[in-house]
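Asker: I'd like to ask you about the structure that follows.
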Amino acid sequence: MTSTPDLLRQELAATADMLVVKVGTRVLTHPDGQLDDERIARLAEEINRICESGRRVVLVSSGAVGSGMSLLGLKRRPTDLAQLQAVAAIGQTTLIQTYDRTFRRYGRHAAQVLLTAEDIQHRIRYLNVRNTLFSLLDFGAVPIINENDTVAVDELKTTFGDNDRLAALVTNLLRAPLLVILSDVEGLFDGDPSNPQSRVITTVDVLDDSIRGLVRDRASSLSKGGMSSKLEAARIVTTAGENVIIASGHQPGTLTRILAGEPVGTLLIAEGKLVSPRKRWIGFSARPRGKLLLDAGAARAIGRDGRSLLAIGILAIEGEFQKGDVVALCDPNGIEVARGLTNYHADEILLIKGLKSSRIAEVLGHCPYEEVVHRNNLTLVAHRAASE
């Protein structure tokens, strides 16, 4: 955790040819839950200016549930799933109409893209989403992405950060070098944000437990996210080799200042090498179908040395999965260190776990692979420092 060198900000501003902007419900609405048309208009103006500079912008926008609540006169977020989905459906119409109306002032189209987790977990659908987004950008449109709350059952049941995570996955999908999360706070503070003595941390080099321990989230009847979910989104993006800035969406000109290289908000710096698109899907988008518990040596070989996983390093397995499925690789404490495509199905691994590779043919009658998960099909999901 260090001060932000001006050069680092300026370099990022100069080289970020594409950025994903995530805007939260509390930024888009008044305190009473009504959509803030003026703030949306300012956001559209800034995004249009960025597009005119030759950059591409994808917007991940919350606000459908909050918009629906204000239209229906609801004071609190419904807890009944069907009602919540209905409120989201009503609110999404107004939300996208507001965006489209404001972008049309600049001759641009707002393109509504509603996604569920399955759209980015399934490899073919993942690639289709990627191709569609690039086509929209080629047309000069601004993709407005939101969760498809009307059908996304699991996502609506959770209480934090779905669109923060969605923004991170979209950033990885597009390989955008910068994710900007516009929040109702100025960034990550070194203490309680309500304390006048607390200050915004300008740069985070390593997102570790000491950083997570600074989080002071508060409950809200409108939105689901908080700083915890924003830091989790940052982990996903920075682990894949990209950068994140958490900044205030209430202050006019935030995006313009960021792309001018000014020290706005909290910059979370990319860690490690850029991860390929395929490995990003394996590590952060695909849902693991099972779990492999590794001994300390195997976890270290994968996390620190970039080695493949051999059967001898597996202590136990969980779940039912087939060859080619994504599985989570965990250290002896159950902490996930990587994900990868398994070369064997669960029943076979039960028979060969803890054995040397030379004994696989003896036990199974064949040995198509010496590795249970090859390093070329494996992605670290924790920062390298955490596994050392």
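Asker: Considering (1) in the same structural domain as Ile314 (by TED's automatic domain parsing); (2) in contact with a His (Cβ under 8 Å, 6 or more places away or on another chain), say which one Ala299 fails and leave the rest.
Answerer: Just one mismatch for Ala299, condition (2).
Asker: Kindly indicate the residue of segment 80-97 that is more than 25 Å from the chain's Cα centre (by Cα) and polar (S, T, N, Q) and also farthest from Val142 (Cα to Cα) among those meeting that condition.
Answerer: Among residues in segment 80-97 that are more than 25 Å from the chain's Cα centre (by Cα) and polar (S, T, N, Q), the one farthest from Val142 (Cα to Cα) is Gln83.
Asker: Now for a different question. List the number of the failed condition for Arg257; all other conditions in (1) within 30 Å of Arg39 (Cβ to Cβ); (2) outside the structural domain of Val23 (by TED's automatic domain parsing) hold.
Answerer: Failed condition: (2).
Residue by residue, here is whether (1) under 18 Å from Leu255 (Cβ atoms); (2) at pLDDT 80 or above holds:
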position: Arg165; (1), (2): no, yes
position: Ser198; (1), (2): no, yes
position: Thr202; (1), (2): yes, yes
position: Val206; (1), (2): no, yes
position: Lys224; (1), (2): no, no
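Asker: Here's a follow-up. Could you list, in sequence order, the residues of segment 335-362 that are modelled with pLDDT of 95 or more, assigned to a loop (DSSP other than H, G, I, E, B) and under 22 Å from Ala382 (Cβ atoms)?
Answerer: Thr342
Listed here are the residues, each with its yes/no results for (1) touching a Pro at 6+ places or on another chain (Cβ under 8 Å); (2) at pLDDT below 90; (3) part of a strand (DSSP E or B); (4) buried (at least 23 other Cβ atoms within 10 Å of the Cβ).
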residue	(1), (2), (3), (4)
Ala260	no, no, no, no
Leu267	no, no, yes, yes
Leu274	no, yes, no, no
Arg280	no, no, no, yes
Arg307	no, no, no, no
Gly324	no, no, no, no
Ala328	yes, no, yes, no
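Asker: Does segment 46-60 include one or more residues that are of a type in the set (D, E, K, R), in the same structural domain as Ala260 (by TED's automatic domain parsing), in contact with a helix residue (DSSP H, G or I) (Cβ under 9 Å, 6 or more places away or on another chain) and under 16 Å from Arg257 (Cβ atoms)? Lay out the reasoning, then the answer.
Answerer: Filtering segment 46-60 down to residues of a type in the set (D, E, K, R) leaves 46, 49, 52, 55-56.
Of the ones still in play, those that are also in the same structural domain as Ala260 (by TED's automatic domain parsing) are 46, 49, 52, 55-56.
In the following step, the residues that additionally are in contact with a helix residue (DSSP H, G or I) (Cβ under 9 Å, 6 or more places away or on another chain) were identified as 46, 49, 56.
Still in the running and under 16 Å from Arg257 (Cβ atoms): 46, 49.
Scanning segment 46-60 turns up at least one residue that is of a type in the set (D, E, K, R), in the same structural domain as Ala260 (by TED's automatic domain parsing), in contact with a helix residue (DSSP H, G or I) (Cβ under 9 Å, 6 or more places away or on another chain) and under 16 Å from Arg257 (Cβ atoms).
Asker: Okay, moving on. Being modelled with pLDDT under 85 and either farther than 19 Å from Ser248 by Cα or of a type outside the set (Lys, Arg) (or both) narrows it down to one of Gly73, Gly66, so name that one.
Answerer: Gly66
Asker: Take the residues in segment 363-388 that are of a type in the set (Gly, Ala, Ser) and loosely packed, with under 15 Cβ neighbours inside 10 Å; name whichever of them is modelled with the lowest pLDDT.
Answerer: It comes out as Ala385.
Asker: When the residues of segment 1-48 are filtered to those that are in a loop (DSSP other than H, G, I, E, B) and modelled with pLDDT of 90 or more, which remaining residue is surrounded by the fewest Cβ atoms within 10 Å (Cβ to Cβ)?
Answerer: Among them, the one singled out is Asp17.
The values are calculated or read from the model by the stated rules, or taken from the named source; none is laboratory data. None of these values were measured; they are calculated from a predicted model. Ideal geometry is used to build each Cβ from the backbone, glycine not excepted, and the neighbour counts take in all protein chains shown.
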